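Undergrad: Got a structure for you, written out below as structure tokens; questions coming shortly.
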Amino acid sequence: MHPALTRTLRWFGLLETGRRVELKLRSRDACALPDAMIIGAMKSGTSSLHYYLAQHPQVIAPLRKEVHYFDLNFERGESWYRANFGREGRAGINIDSSPYYLFHPLVPQRAHALVPNAKLVVLLRDPVRRAYSHYWHQRDKGRESLSFEDAIAAESDRIDRDHQRLALGEIEISEAHQYFSYLARSRYAEQLERWLRFYPREQLLVLRFEDLARDPLQVTNETLAYVGLLPMSGAKLEPRHTRKYPPLDPATAERLRDYFVPHDAALAKFLGRPVRW
């Protein structure tokens, strides 16, 4: 969708209607599949990186930033998914940025069956800060009523059974699994290992949120080089979806630091380098 049309539809509150109309129109054409996917992690700068990359003249942004085909919209089928991207034969790189992909247990297998050659980009963040930011995101959306301490205490009861049922294909969607997975989504190594069962390591670029925040142009250009595009000399680099929230209780933070020690060690082993947040 043309940026000017997107702005106009958003102004009149008709953006989603406009997207549905364009999807229907595009479904009649031969549309491409994504060449690269930003697969997570949630609250780790995926929206910002997507926004920065989309400013490159050879990056083709999807109809919506988060297509969520392989996790939330899989039943819609391949033609629906393709309709979110540019037409086949159009020069450039199509990208899909859906941060639930990293965590959903069936996405690696589903993605490999359709886009086995896609370049995968992962953004990781200090696991404690990511979990806390995730929690406040759900509070802001009105989905979470518990305190942070109560929410992480309840997490296993909320999500573990649905995680297994999703992995077995017994259910297609679990809002609890998607929304309340505060600690689980910060256990990065186990999620990355799941992707390596289907994709070779060289198809996986792992970046840090902290580096993106410190030097967004450098990390953007690193990503562009990874997908085979020339760097940009400049871009609008304002971060997306930032907010301030109350400080995390120091005792809770210390307890979570201890909790993530073995998981950070596993991540360091996976990456082959120390993990420093």
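Values in this text are rule-based calculations from the coordinates and carry no lab data. All values reported here derive from a predicted model rather than from experimental measurement. Cβ placement follows ideal geometry from the backbone for every residue including glycine, while neighbour counts extend to all protein chains displayed.
Undergrad: Enumerate the amide H contacts of V59 below 5 Å, restricted to partners 5 or more residues apart or on another chain; note that Pro and chain-start residues carry no placed amide H.
TA: I93
Undergrad: Distance between Cα centroids, the stretch 211-277 to the stretch 158-194: provide it in whole Å.
TA: 22
Undergrad: Add -39500 (n - 2.57) for each DSSP H run of 4 or more in the chain, then divide by its residues: what number comes out at 222 nm, to the nearest 500 deg cm²/dmol?
TA: Value at 222 nm, helices only: -14000 deg cm²/dmol.
Undergrad: Nearest 10 degrees is fine. How inclined is helix 250-271 to the longest principal axis of the chain, computing both from alpha carbons?
TA: 60
Undergrad: Grab the other residues whose beta carbon is less than 15 angstrom from that of I159, score K and R as +1, D and E as -1, and report the net. Kindly include the intermediate steps, with their values, before the conclusion.
TA: On the way: positive: R143, R158, R161, R165, R185, R187; negative: D71, E144, D150, E155, D157, D160, D162, E170, E175, E190.
So the surrounding residues net to -4.
Undergrad: Where is the GNM fluctuation largest for the chain (alpha-carbon springs, 10 angstrom cutoff): L212, L33, L248?
TA: Comparing L212, L33, L248 in a Gaussian network model of the chain, the most mobile one is L248.
Undergrad: Using Cα atoms only, what is the angle between the long axis of helix 127-140 and the major principal axis of the chain, expressed in degrees (0 to 90) to the nearest 10?
TA: 70
Undergrad: Another one. Cα axis of helix 148-167 to longest principal axis of the chain: angle in degrees, 0 to 90, nearest 10?
TA: Result, in degrees: 60.
Undergrad: Something else about it: Can you give the Rg/Rh ratio of the chain, where Rg is from the C-alpha atoms and Rh is the Kirkwood radius?
TA: A ratio of 0.95.
Undergrad: Which number gives the lysine pairs in the chain that have C-alpha atoms under 27 Å apart and are eight or more places apart or on different chains?
TA: Here the count comes out as 15.
Undergrad: Same structure, new question: For a quick check: with amide H placed at 1.01 Å from N, whose amide H comes under 5 Å from M37's, ignoring anything fewer than 5 positions away on the same chain?
TA: The list, which skips near neighbours in sequence, is D96, K119, L120, V121.
Undergrad: Separate question: Of the chain, which part is the longest with no GluC sites (Glu not before Pro) in a loop (DSSP not H, G, I, E, B) and with at most 14 other C-beta atoms within 10 angstrom?
TA: 173-277
Undergrad: Computed FRET efficiency, Cβ-Cβ of V206 and S145, R0 35 Å: what is it to the nearest 0.05?
TA: 0.55
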